[in-house]
Amino acid sequence: KILITGALGQIGSELTVKMREIYGEQNVIATDIRQSDHEITQSGPFELLDVTDAKKMFDIAKRYDVDTIIHLAALLSATAEAKPLIAWNLNMGGLVNALEVARELRCQFFTPSSIGAFGPTTPKDHTPQDTIQRPTTMYGVNKVAGELLCDYYYYKFAVDTRGLRFPGLISYVTPPGGGTTDYAVEIYYEAIKKGAYTSYIAKGTYMDMMYMPDALNAILTLMEADASKLKHRNAFNVTAMSVEPEDIAKAIRKHIPEFKLNYEVDPVRQRIAESWPNSIDATAAKEEWGFKVEYDIEKMTKDMLMKLKQKKSLVG
Ligand code: VAH
């Protein structure tokens, strides 16, 4: 049985659907701090859970006899920068509660890290798997501490913890909330709606990105991987592409020729973006558990625009 926290979030809302398809609807318990009319609250077990409530998390995991925990509930980089102390309490408090449940109930464990776990002194191009990590954002501090805490639970308590350093994730199901890379999602929505987008990230700012289907496959492949092959466990670098806003605009123009990209830089999110790598190296993930991607920027753009057009025609 699999417990997912933050199941209504950008990753959770799609991972829950995919895991229910693979492992059976009754075997994936979706939890989130709020209710919603999203299909996952009907298509299988759904529980309200604030991950800072350790006892409630343990009770739910025990009641459903859970053996795998996918911990996704967290505040993303821009929100965390606006409310650093709330971010610390939720991101670190939630994580240690989830790790404790995994320890007590002997669960396999997954939580995402991020390219946000790197900082300005990290090598910016083809950032290695093992390198300097001195992030200058609360989110980055949370991610580095989280990586180390997950390693600790593996070495100290033999909890089978695994994780991925995700790049910006692009998806059309549930818009992300409070991220720095969200411009790369909004640009597609606006391209359909208005044929134009005003980016808060400056021209020429490179960041790693990945289409959600590749992110979901990476989680599933890592969790099913042979543990004896893993030299690293938490926080494998994974990426599909390194792009700047103009690259996305160029790909969109192949489908919407008159698409216009303007800029109105948000200094806060620009500073966060500039503290992150331009491109990271995913060799370790490829070598240790066969990480691969299906979607490059062309294939992702074609699919995103098609799916968003369908979504728009559905809602009218
Ligand atoms: C964010 N989408 O922007 C998340 C992610 C690498 C970016 O961590 O905060």
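Per-residue extension of 0.36 nm, minus the Cα-Cα distance of I22 and R271, leaves a gain of 85.6 nm for this segment. Modelled label positions at L314 and E264, each set 7 Å beyond Cα in the direction of Cβ, lie 3.0 nm from each other.
Give, as ranges by residue number, the residues of region 213-228 whose backbone N falls under 20 Å from the point 7 Å along Cα→Cβ of M306. Residues 213-217 fall inside that zone. The coefficient of translational diffusion for the chain, derived via Stokes-Einstein from the alpha carbon Kirkwood radius under 37 °C and 0.692 mPa s, stands at 166 µm²/s. In straight-distance terms, cross-link reach from K292 covers every one of the lysines whose alpha-carbon lies under 20 Å from its own, apart from those fewer than eight places away in the same chain; here that gives K18, K229, K231, K302. Under a 5 Å amide H cut-off, with hydrogens placed 1.01 Å from N, A235 pairs with S113, G163, L164, R165 among residues at least 5 apart or on other chains. With both labels modelled 7 Å from their Cα along Cα-to-Cβ, the K231 to R103 distance reads 2.9 nm.
For the chain, the Cβ-based charge dipole about the Cα centre amounts to some 260 debye (Lys, Arg positive; Asp, Glu negative; other atoms uncharged). A Stokes-Einstein calculation at 4 °C with viscosity 1.567 mPa s, built on the Kirkwood radius of region 152-301 over Cα pairs, returns a diffusion coefficient of 78 µm²/s. Projecting the Cα atoms of L105, V141, P175 onto the dipole axis of the chain, where Lys and Arg carry +1 and Asp and Glu carry -1 at the beta carbon, places P175 farthest toward the positive end. Computed from backbone phi with θ = phi - 60° and the Karplus coefficients 6.51, -1.76 and 1.60, the 3J(HN,Hα) list for region 186-203 is 4, 4, 6, 4, 5, 4, 6, 6, 10, x, 7, 8, 10, 7, 8, 9, 6, 3 Hz; x is used for glycine and proline.
In terms of overall dimensions, region 48-141 has a Cα radius of gyration and Dmax of 15.3, 47 angstrom.
Phi-derived couplings, Karplus 6.51 cos²θ - 1.76 cosθ + 1.60 at θ = phi - 60°, listed residue by residue for region 284-297: 4, 5, 5, 6, 8, 8, x, 4, 8, 10, 9, 10, 9, 5 Hz, with x used for Gly and Pro.
Taken about its Cα centre, region 83-234 carries a charge dipole of roughly 220 debye when the Cβ of each Lys and Arg holds +1 and the Cβ of each Asp and Glu holds -1.
What is the Rg over Rh value, at two decimals, for region 136-237, using alpha-carbon atoms and the Kirkwood definition of Rh? Rg/Rh for region 136-237 comes to 1.06.
Kirkwood Rh and Cα-based Rg: tell me the resulting Rg over Rh for region 229-316, rounded to two decimals. Before the final figure, lay out the partial values.
Working: Rg = 17.1 Å, Rh = 16.0 Å.
Expressed as Rg/Rh, it is 1.06.
About its Cα centre, region 238-280 has a charge dipole of approximately 140 debye under the convention of +1 per Lys or Arg Cβ and -1 per Asp or Glu Cβ, with nothing else charged.
Averaging Cα coordinates gives a centre for region 257-316 and one for region 13-28; these two points are 24 Å apart. Taken over region 13-97, the ratio of Cα radius of gyration to 2.2 N^0.38 Å equals 1.15.
Using only Cα atoms and rounding to the nearest 10 degrees, what angle (0 to 90) does helix 138-157 make with the longest principal axis of the chain? Orientation of helix 138-157: about 30 degrees from the principal axis.
Specify the residue with the greatest mean-square fluctuation among E14, E294, E100, computed from a Gaussian network of the chain linking alpha-carbon atoms under 10 Å apart. Maximum among the listed residues: E294. The aspartates and glutamates whose alpha-carbon is closer than 15 Å to the alpha-carbon of K309, local same-chain residues fewer than 8 away aside, are E186, E190.
Distance between the C-alpha centres of region 71-102 and region 180-222: 23 Å, rounded to the whole angstrom.
Ordering S77, L261, Y23 by Cα displacement along the dipole of the chain toward the positive end leaves L261 in first place; charges were set at the Cβ atoms of Lys, Arg (+1) and Asp, Glu (-1). Sequentially through region 7-23, phi angles give Karplus couplings (6.51, -1.76, 1.60; θ = phi - 60°) of 5, 9, x, 4, 7, x, 5, 8, 5, 4, 4, 5, 5, 5, 4, 7, 9 Hz, Gly and Pro residues having no value and appearing as x. When the alpha carbon gyration tensor of region 78-220 is reduced to an equivalent ellipsoid, its three semi-axes come out at 29, 18, 15 angstrom, largest first. Taken over the alpha carbons of region 104-162 as equal point scatterers, the Debye sum produces base-10 log I(q)/I(0) values at 0.14, 0.18, 0.30 Å⁻¹ of -0.43, -0.66, -1.19.
Just so you know, all these numbers are worked out from the coordinates, no wet-lab data involved. All values reported here derive from a predicted model rather than from experimental measurement. For neighbour counting, all protein chains shown are included, and Cβ atoms are generated from backbone atoms with ideal geometry for every residue, glycine included.
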